[in-house]
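Okay, so here's the structure we're looking at.
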Amino acid sequence: EKGGYEHFMLKEIYEQPNVIKDTYRGRLSSTTGIIKMAGIEDNIEKFLQADRILIVACGTSWHAGLVAEYIIEEFTRIPVEVEYASEFRYRNPIVNQKDVVIAISQSGETADTLAAIKLAKEKGAFVFGVCNVVGSSISRETHAGAYTHAGPEIGVASTKAFTTQITVLTLIALRLAKAKGTLSKSDFFRYLNELELIPDKVQEALQTNDEVEKIAKIIKDTNNSLYLGRGYNFPVALEGALKLKEISYIHAEGYPAAEMKHGPIALIDEHMPVIVIAPKQGHYDKVVSNIQEIKSRSGKIIAVVTKGDTQVKALADHVIEIPETSDALSPLLTTIPLQLLSYHIAVLRGCNVDQPRNLAKSVTVE
Ligand code: M6R
């Protein structure tokens with residue numbers, strides 16, 4: 001059942017090229033520019049007339065929501081807010097009939113997310129679900145939705161659900177951008193083409209596995225770690241840190257790289273591994289300055305860079321090279337080595353990777 005892999009988590013990490021493809025296959029044609037998802041087509045006016053989009057989710061799904069915030073705002077210019085479902089449901093949020101709420105959930109059973117949906121519906125919002133489990137409570141409770149096609153995710157640590165959620169949300173952003181004319185024709189088609197290249201590039205990113213395992217051996221005994229990224233890769237830093245803490249029990253914090261100097265920089269010394277996401281596209285020069293700040297305080301730098309990078313390579317203790325893509329799609333690639341890193345560290349520490357202590361696959365209690 002683990003298909004020859006030692007753990008479900010590793011199997012699911014390696015399934016990502018296929019499940020990302022499964023998630024956009026039949027929904028997108030890069031030659032005609034048609035993007036078809038019934039849940040969106042049937043309700044497109046609701047999205048186009050929305051004052052804003054509110055995203056509610058928990059954990060990794062919340063991180064996918066943050067990536068989607070950057071993508072949807074950039075592509076469609078529709079304002080997006082992302083909230084923890086557990087906060088949203090108890091704070092008497094301002095929601096009305098002109099809001100579209102997107103609930104993201106792998107299991108479709110998360111209690112807080114379900115409660116947030118019910119509240120949003122009571123307040124008259126249109127609620128759209130992005131779920132993985134077909135027929136789940138959230139998929140039934142929402143007005144419409146689009147499934148991720150990740151297949152069953154058994155490992156408690158979410159991996160392929162995250163990348164397929166981002167894939168669906170990118171398709172939605174592109175569909176809305178097409179309707180609104182907020183992307184130039186050339187950018188629109190460029191993104192479609194790039195999305196179709198992602199599965200092969202994820203495959204290539206998976207080839208960093210041996211290198212990542214070596215790095216895992218070097219840092220496995222640390223008690224603390226910091227993950228930094230900017231822009232589209234800030235949520236990836238949060239996700240990388242969550243993955244490490246939940247399966248290896250190492251304290252990890254994710255931060256927007258520029259926030260480091262507002263506090264966390266005080267933590268940096270020669271014992272602190274700092275994992276920096278620094279792809280060429282994006283705020284590269286800014287991230288390079290952040291790396292210099294870490295280096296001058298003797299932090300151990302592990303950087304995820306674009307293939308062929310020289311500048312970060314000269315500064316970092318270890319680099320992990322991934323293929324190039326546009327800034328907006330880069331989370332689908334940068335997240336791969338971070339998943340592998342947490343996996344190997346957890347295995348080396350003898351942790352129960354697929355069923356970490358104190359955690360359940362779906363959190364059906366609040
Ligand atoms: O099933 P959901 O996507 O609603 O689950 C949300 C979180 O419980 C989940 O992502 C959790 O954070 C994972 N264990 C993270 O790997």
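Taking square-rooted eigenvalues a ≥ b ≥ c of the alpha carbon gyration tensor, is region 273-328 rounded, prolate or oblate, where a/c under 1.5 means rounded and, failing that, a/b exceeding b/c means prolate? Here region 273-328 falls in the prolate category. Evaluated at q = 0.17, 0.24 Å⁻¹, a Debye calculation over the C-alpha positions of region 50-103 (equal weights, vacuum) places log10 I(q)/I(0) at -0.49, -0.92. Couplings for region 91-108, taken from phi via the Karplus curve 6.51 cos²θ - 1.76 cosθ + 1.60 with θ = phi - 60°, read 10, 6, x, 7, 9, 9, 5, 8, 9, 10, 10, 10, 9, 10, 7, 4, 6, x Hz in order; Gly and Pro are left as x.
Each label point was placed 7 Å from the Cα along the Cα-to-Cβ direction; for residue 220 and residue 258 their separation is 3.8 nm. By the equivalent-ellipsoid construction on the alpha carbon gyration tensor, the chain comes out with semi-axes of 32, 23, 20 Å, ordered largest to smallest. Extension gain, residue 48 to residue 5: 0.36 nm times the residue separation minus the Cα-Cα distance gives 11.0 nm. Note on residue 179 and residue 134: the extension gain reaches 13.4 nm, defined as 0.36 nm multiplied by sequence separation minus the Cα-Cα distance.
Taking 7 Å steps out from each Cα toward its Cβ at residue 285 and residue 41 produces label points 4.6 nm apart. So what's the gap between the Cα centers of region 202-265 and region 56-131, to the nearest angstrom? Computed from Cα coordinates, the inter-centre distance equals 26 Å. Over region 18-95, all Cα pairs binned in 10 Å intervals from 0 give whole-percent P(r) values of 16, 37, 38, 8, 1, listed from short to long. Using the Cβ of residue 3 as centre and a radius below 11 Å, the other residues enclosed give a net charge of -2, where K and R count +1 and D and E count -1. Between 215, 302, 336, the Gaussian network model of the chain with springs among Cα atoms under 10 angstrom shows the greatest mean-square fluctuation at 215. Compare 166, 53, 265 in a GNM of the chain, Cα atoms joined below 10 Å, and give the one with the largest fluctuation. Between 166, 53, 265, it is 265 that shows the largest mean-square fluctuation. Pairs of alpha carbons in region 112-171 separated by more than 15 Å make up 52% of all such pairs.
Ligands, DNA and RNA are left out, and with a 1.4 angstrom probe the accessible area of region 190-245 is 38 Å² per residue. Please compare each pair in 21/118; 46/178; 185/286; 2/361; 261/307; 243/300 to a cut-off of 21 Å on the Cα-Cα distance and tell me which ones are over it. Among 21/118; 46/178; 185/286; 2/361; 261/307; 243/300, the Cα-Cα distance tops 21 Å for 21/118; 185/286; 261/307.
If you run the Gaussian network model on the chain, springs between alpha carbon atoms under 10 Å, then out of 213, 324, 41 the most flexible one is 41.
Across the accessible surface of the chain, with the other protein chains kept in place and a 1.4 Å probe, carbon and sulfur atoms take up 48 percent.
Could you state the accessible area per residue of region 74-153 in Å², with a 1.4 Å probe and every protein chain left in place? Intermediate results must be reported in sequence, preceding the final value.
Working: 3310 Å² over 80 residues.
Per residue, region 74-153 has an accessible area of 41 Å².
Across the chain, the relative contact order, built from alpha-carbon pairs under 8 Å that are at least six residues apart, equals 19 percent.
Remark on region 222-350: ratio of C-alpha radius of gyration to 2.2 N^0.38 Å is 0.95. Surface calculation, 1.4 Å probe, protein heavy atoms: residue 149 sits at approximately 80 Å² accessible. List the aspartates and glutamates whose alpha-carbon lies under 14 Å from that of residue 280, not counting same-chain residues fewer than 8 positions away? Candidates past the 8-residue exclusion: 309, 321, 324, 327.
The values are calculated or read from the model by the stated rules, or taken from the named source; none is laboratory data. What you see is a predicted model; the values in this text were computed from it and never measured. Glycine also receives a Cβ, built like all others from the backbone with ideal geometry; neighbour counts cover every protein chain displayed. We work out accessible area using only protein heavy atoms, side chains counted, and drop any ligands, DNA or RNA first. Shrake-Rupley method; radii C 1.70, N 1.55, O 1.52, S 1.80 Å.
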